[in-house]
Amino acid sequence: MKKVGLILVLVLLCSAAGALCDEMAVVDADTANLRADAGTQYEILGKLTKGTMVYILSEEGEWYFVRTQKGETGWIHGKLLSK
């Protein structure tokens, strides 16, 4: 419950701050590959599980460059995220 409250506080702060915060999204698939570049042909750097919150840093077509709360970065397909 504390985690949900913290996420809500972060969302509200980012909403109020506008451009000061990166856009947030949540992994909506059971597992999602975090890749080295925007495409399935690129190396899998790690796997994210459903419910993992990520910060969207940039976008290339249907792919998003994201950062996890642990600081991991990589690309994930947009159909695997819920904004």
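The values are calculated or read from the model by the stated rules, or taken from the named source; none is laboratory data. This one's a predicted model, so the numbers in the text were calculated from it and none came from an experiment. Backbone-built Cβ (ideal geometry, glycine too); neighbour counts: all protein chains shown.
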Members of segment 39-63 found to be outside any strand (DSSP E or B) and more than 14 Å from the chain's Cα centre (by Cα), listed by number: Gly39, Thr40, Gln41, Tyr42, Glu43, Gly61
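With the requirement that a residue be small (Gly, Ala, Ser) and touching a residue at least 12 places away in the same chain (Cβ under 8 Å), what does segment 46-83 give you?
Residues satisfying the conditions are Gly46, Gly51, Gly61, Gly74, Gly78, Ser82.
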Ala16, sole failed condition from (1) at pLDDT below 95; (2) surrounded by 10 or more Cβ atoms within 10 Å (Cβ to Cβ): (2)
Selection count, segment 54-67, where residues are out of contact with any Gly (no Cβ under 8 Å at 6 or more places or on another chain) and surrounded by 17 or more Cβ atoms within 10 Å (Cβ to Cβ): 3
Complete set of residues in segment 60-83 that are among the charged types (D, E, K, R) and under 11 Å from Glu23 (Cα atoms): Arg67, Lys83
Filter result (aliphatic (A, V, I, L, M) and closer than 13 Å to Lys83 by Cα) within segment 30-56: Met53, Val54, Ile56
Members of segment 39-52 found to be of a type in the set (A, V, I, L, M, F, W, C) and surrounded by fewer than 17 Cβ atoms within 10 Å (Cβ to Cβ), listed by number: Ile44, Leu45
